[in-house]
1. Hey, could you check the stretch 82-118 for residues that are among the polar types (S, T, N, Q) and either surrounded by 12 or more Cβ atoms within 10 Å (Cβ to Cβ) or within 15 Å of the chain's Cα centre (by Cα) (or both) and say which is farthest from Glu56 (Cα to Cα)?
2. Return a yes/no flag: does the stretch 59-74 have any residue that is on the phi > 0 side of the Ramachandran plot and touching a residue at least 24 places away in the same chain (Cβ under 8 Å).
3. Looking at (1) over 14 Å from Phe130 (Cα atoms); (2) in contact with a Pro (Cβ under 8 Å, 6 or more places away or on another chain); (3) surrounded by fewer than 16 Cβ atoms within 10 Å (Cβ to Cβ), which one does Glu31 not meet, given that it meets all the others?
4. Could you please find all residues in the stretch 1-24 being farther than 20 Å from Tyr124 by Cβ and modelled with pLDDT of 75 or more?
5. Can you tell me which residue in the stretch 43-58 is surrounded by the fewest Cβ atoms within 10 Å (Cβ to Cβ), limited to those that are within 20 Å of Glu32 (Cβ to Cβ) and free of Cβ contacts under 8 Å to residues at least 12 places away in the same chain?
6. Would you mind finding the one in Ala87, Ala131 that is touching a helix residue (DSSP H, G or I) at 6+ places or on another chain (Cβ under 9 Å) and either modelled with pLDDT of 95 or more or hydrophobic (A, V, I, L, M, F, W, C) (or both)?
7. Might you let me know whether the stretch 79-87 holds any residue that is closer than 17 Å to Ile19 by Cα and not aromatic (Phe, Trp, Tyr)?
8. Mind listing whichever residues of the stretch 12-35 are part of a loop (DSSP other than H, G, I, E, B) and touching a residue at least 24 places away in the same chain (Cβ under 8 Å)?
Amino acid sequence: MVTMEIPQCFYRLSVKALILDRNNRFLLVREENGMWELPGGGLDHGETPQEGIKREIWEEMRLKTKSIADQPSYFFTVKNHNGIFIANVMYQTSLVDLRYVASPECTEVRYYSAQEVLDADFMYPNVKAFASIFSERYPAE
């Protein structure tokens, strides 16, 4: 089991889309800098998590969501590459299709297994943290 120390400080809230394929691999987006990230981002003032995910997926990839869960599937905190604490809240999400439009925030999309993420370079700390948590729930066969 993963244990975390959660310091008392300012956290930026980030809502993330958990988009799974039939093999329990999750969708990641590759940014212009070559780093892989979970789809989603920060909430705008007054947005619900679902509105934020829908907006972020449209802004990043020009994709439409089919459904977004009412309740989160995962919550975890991580210190990002800039030293800022991020509270990540993940919602199960499905998309209409995967015909994305490339942007600086999304040059490529790909499904990864948790183990592939843990073994790979070019993953943001939150992606590695999520893969570790996810692999406990869905161990590799």
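1. Gln115
2. The answer is yes, given that some residue of the stretch 59-74 is on the phi > 0 side of the Ramachandran plot and touching a residue at least 24 places away in the same chain (Cβ under 8 Å).
3. (3)
4. If the condition is that a residue be farther than 20 Å from Tyr124 by Cβ and modelled with pLDDT of 75 or more, then Asp21, Arg22, Asn23, Asn24 are the ones that fit.
5. By that ranking, first place goes to Trp58.
6. Ala131
7. no
8. Ile19, Asp21, Asn23, Asn24, Arg25, Glu31, Glu32, Gly34, Met35
The values are calculated or read from the model by the stated rules, or taken from the named source; none is laboratory data. From a predicted model like this one, the values you see are computed outputs, not experimental measurements. Neighbour counts are summed over all protein chains in view; Cβ atoms, including those assigned to glycine, are modelled from backbone coordinates with ideal geometry.
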